[in-house]
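Some notes on the structure that comes next.
Just so it is clear, none of the values below were taken in a lab; they were calculated from the coordinates. It should be emphasised that the depicted structure is a prediction, and the values quoted were computed from it without experimental measurement. Cβ: placed from backbone, ideal geometry, glycine included. Neighbour counts: every protein chain shown.
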Amino acid sequence: MNNLDLLKKQHEEVFILIHTIHQLTERGPEENAKEIALQINALSGKLKMHLMSEDKFLYPSLVQNTNPNIRNIANAFQQEMGSLAEAFLIFSRKYNIPSKIVENKIVFLTESKKMFRQIEERMKKEDVKLYPLLQ
């Protein structure tokens, strides 16, 4: 499996985790708080691995590309991801145990929808605009 295939596989795994959390939340955040927290922690680990892979393989090759357009796109994506990664870190720490989800159910529902939408949009954007630069 090459590096690009690995990054795409990680995207698929993140999408699955987000979908699982969404389903659990729809069935009841209080009743499923333990499993939701477990899945948030799994998602956190998966995203950390994905970002490490991008930092190690993807961005070094793109920011040193001879094409200035590719370098600019890579730099923009890298800066944008930094703020999203920080936002997710805050989110995951806020909801990494069941009691935090139950105690803040309404806020959790709002924040989780927003956070997961941002992550999904970002990954789709990478799939469409960034990853093709490597092919």
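Projected label points at Glu13 and Asn69, each 7 Å from Cα along the beta carbon direction, are separated by 3.3 nanometres. A simple charge model with +1 on the Cβ of Lys and Arg, -1 on the Cβ of Asp and Glu and nothing else charged puts the dipole of the stretch 1-131 at about 160 debye relative to its Cα centre. Put a dot 7 Å past the Cα of Lys94, heading toward its Cβ, do the same for Asp55, and the two dots end up 2.3 nm apart.
Can you put Phe15, Phe91 in order of Cβ neighbours within 10 angstrom, beginning with the fewest? Each step should come with its number before you reach the end.
On the way: Phe15 15, Phe91 21.
Sorted ascending by nearby Cβ count, the order is Phe15, Phe91.
Relative to the longest principal axis of the Cα atoms of the chain, helix 105-125 runs at roughly 20 degrees.
In this rough spin-label picture, where each label sits 7 Å from Cα along the Cβ direction, the Lys113-Glu26 distance is 1.3 nm.
Among Lys100/Lys124; Lys8/Lys56; Lys8/Lys105; Lys48/Lys114; Lys105/Lys125; Lys8/Lys129, which pairs are too far apart, with a Cα-Cα distance over 25 Å? Exceeds cut-off: Lys100/Lys124; Lys8/Lys105; Lys105/Lys125.
Note on the chain: helix-only mean residue ellipticity at 222 nm, from DSSP H runs of 4+ residues weighted -39500 (n - 2.57) and normalised by residue number, equals -26000 deg cm²/dmol.
Test of understanding: ordering Thr66, Thr25, Thr20, Thr110 by Cβ neighbours within 10 Å, fewest first, what list do you get? Walk me through the numbers on the way to the answer.
On the way: Thr66 6, Thr25 20, Thr20 16, Thr110 11.
Taking fewest neighbouring Cβ atoms as first place, the list is Thr66, Thr110, Thr20, Thr25.
Report, in debye and to the nearest 20, how large the dipole of the stretch 78-135 comes out about its Cα centre when Lys and Arg carry +1 and Asp and Glu carry -1 on their Cβ. Walk me through the intermediate numbers first.
Values: 11 positive and 8 negative charges, 38 e Å.
It works out to roughly 180 debye.
Seen against the Cα atoms of the chain and their longest principal axis, helix 33-53 is set at about 10 degrees. Note on the stretch 1-40 and the stretch 54-132: Cα centroid distance 14 Å, given to the nearest whole angstrom. Cut-off 10 angstrom, C-alpha nodes, Gaussian network model of the chain. Which of Gln118, Gln79, Gln23 fluctuates the most? Highest fluctuation among the options: Gln79.
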